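The structure under discussion appears below in the form of structure tokens.
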Amino acid sequence: SNSAFLNWTHARHGRISGTDPASLTPRLGEAANLLGLELAAGRLPFIDMPYADGMTARLQELEPLLRRFEHMVVLGIGGSALGARALQKAFFPAQDRPAHTGPWLWIADNVDADSLEAWLQSLPAEKTVVVVISKSGGTIETIGQYFLIRDWLRTARGDAWTNHVIAVTDERSGFLREEADTHGLASMPVPDHLGGRYSVLSAVGLIPAAFTGMDWQALVRGAKTVGAPLCSSPDAATLGAHPAWHLAAWNHALMQAGYSQLIFFSYMPLWAHFGFWFAQLWAESLGKEGKGSMPLPAVGVTDQHSTQQMFLDGPRDKACLFLTCSSLPQGRTFPGDMPPKWDFLRGRRFGDLLEAEALGTRMALHKTGTPLVEIGMAQPSEEQAGRLMALLEITTLLTGWLLDINPLDQPAVELGKRLANARLGAPGYDTETADLGAFLAA
Ligand code: PA5
């Protein structure tokens, strides 16, 4: 049933038309071996964690606490925020609409003095819970925001400030763990070996999800349908039949053939932010040693009037993952009093427009030679979202293995962070401080 939601009809197209899907068979055995070893060693928690009983139980325990508040502010960046934002936009659109009366979820995933100030000026501290999320517990953007919010909470709530903070961080180490222990803050762990961009189905993404009232347990159930077969039998037969392996092999073939960009085109308007979540997952995992492909998040129909021109007639270096749903709400029916020129719309539903535009775009991409896999969601539900996220995470892992890089680290992004720390005068960055001096003097 996992493969039922992928449509491969137009996948082997353009320069990979003749590719033999079985050509990666020798690497299948190797990948299955590695998968078995890594799962057994507990190094792939994003595959088996979503249905670890402990996590679900701890989150259920936390739910009554969450219900005491009207506002949640999430402090986190990168993988500590993008999953929550994708879920918020898809399943909690009420907050962006007229007449919404709460709850309110605010995600502070940038160094944005304007927004932070607005929150600190207007949020009612007594009704606000702050979830500070950092796997390492030491990311300067997140911890910087935390110090300002902690100060605000202390001023407003005195000693009771500690009842307004939940820390999501490493179980044993890092500044945030020390902070949680020192002040007795509520906390949930980010399991060992769980990197930020693979963590949406842990407390990192699920606490904000639970706060908005979405069905977070269905997210977990959906993820389980994708990951569980690999956990129970990580062998070549199971992996070879798994859609994540097929997608990884397809992407590997694309990269070999010079397709350096991967469009993530969502024709589920509310799911547009899954594109940003996926972009981080794909780019930060695979952009190594000159390898990988650049993810390009796009949303239909908006980007048909924008980047689509480049997709269709720019450099022939793009493939596409095309997200659709066969059961989106169809909206209102066009009335009968339209001018003759528009009469063809009479009796049709607003949703027919989206369906027609999606078909038009998919066919246009095909006609211009773009290899494309359609991911068809049966419903716009939490369960389907969990399946999609687990599928894309496992696909990213396997693609990294096929590229012979480590998809779980991110060494290159560290340099910019070290230089920023040096600029601020943090101790222990002497080399970077000297480098910065030379750069600025040039
Ligand atoms: O995916 C990743 O590993 C990164 O994007 C991290 O999520 C991001 O750098 C934040 O790290 P941390 O959770 O340690 O604060």
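A short reminder: the numbers here are calculations on the coordinates, not readings from a lab. Everything numeric in this text was worked out from a predicted model, so none of it was measured. Using ideal geometry, Cβ is built from the backbone for each residue, glycine included, and neighbour counts are taken over all protein chains shown.
Below, the figures for the structure above:
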| read-out | value |
| --- | --- |
| Placed amide H near residue 165: partners under 5 Å, 5+ positions off or other chain | 130, 186 |
| Gain in span if fully extended, residue 317 to residue 291, counting 0.36 nm per residue against the direct Cα distance | 7.9 nm |
| Inter-part distance where the stretch 159-203 and the stretch 381-435 are each reduced to a Cα centre, Å | 19 |
| Within the stretch 192-207: backbone nitrogen closer than 17 Å to the residue 67 label point (7 Å, Cα to C-beta) | 207 |
| Gain upon complete extension [residue 379, residue 415; 0.36 nm per residue less C-alpha separation] | 8.8 nm |
| Efficiency of FRET from Cβ geometry, residue 37 and residue 112, R₀ 41 Å, rounded to 0.05 | 0.45 |
| Peptides ranked, highest mean first, by Cβ atoms within 10 Å: ranges 411-419, 188-196 | 188-196, 411-419 |
| Inter-label distance for residue 442 and residue 228, nm, one decimal - labels placed 7 Å from Cα along Cα-to-Cβ | 5.5 |
| Cα-based convex hull volume of the chain per residue, rounded to whole Å³ | 183 |
| Part-to-part distance (alpha-carbon centres) for the stretch 255-293 and the stretch 54-110, which is given in Å | 25 |
| Long-range HN-HN contacts of residue 300 with modeled amide H, under 5 Å | 266, 267, 268 |
| Nitroxide proxy distance, nm - points 7 Å out along Cα→Cβ at residue 30 and residue 157 | 5.3 |
| 5 angstrom amide H check on residue 190, placed H, neighbours 5+ away | 169, 170, 171 |
| Computed FRET value (nearest 0.05) for residue 343 with residue 305, which takes r as the C-beta separation and R₀ as 22 Å | 0.35 |
| Values of log10 I(q)/I(0), in the order q = 0.19, 0.24 Å⁻¹, for the stretch 240-326 under a Debye, Cα-only, solvent-free model | -0.92, -1.30 |
| Prolate/oblate/rounded call for the stretch 219-271, Cα gyration tensor, a/c under 1.5 rounded | oblate |
| Efficiency of FRET from Cβ geometry, residue 364 and residue 17, R₀ 22 Å, rounded to 0.05 | 0.75 |
| Beta bridge orientation in the chain: antiparallel %, DSSP, nearest 5 | 5 |
| For the stretch 296-304, 3J(HN,Hα) per residue [Karplus equation, 6.51 cos²θ - 1.76 cosθ + 1.60, θ = phi - 60°, Hz, x = Gly/Pro] | 10, x, 9, 10, x, 8, 3, 7, 5 |
| Separation of the residue 238 and residue 136 label points, Cα + 7 Å toward Cβ, nm | 3.4 |
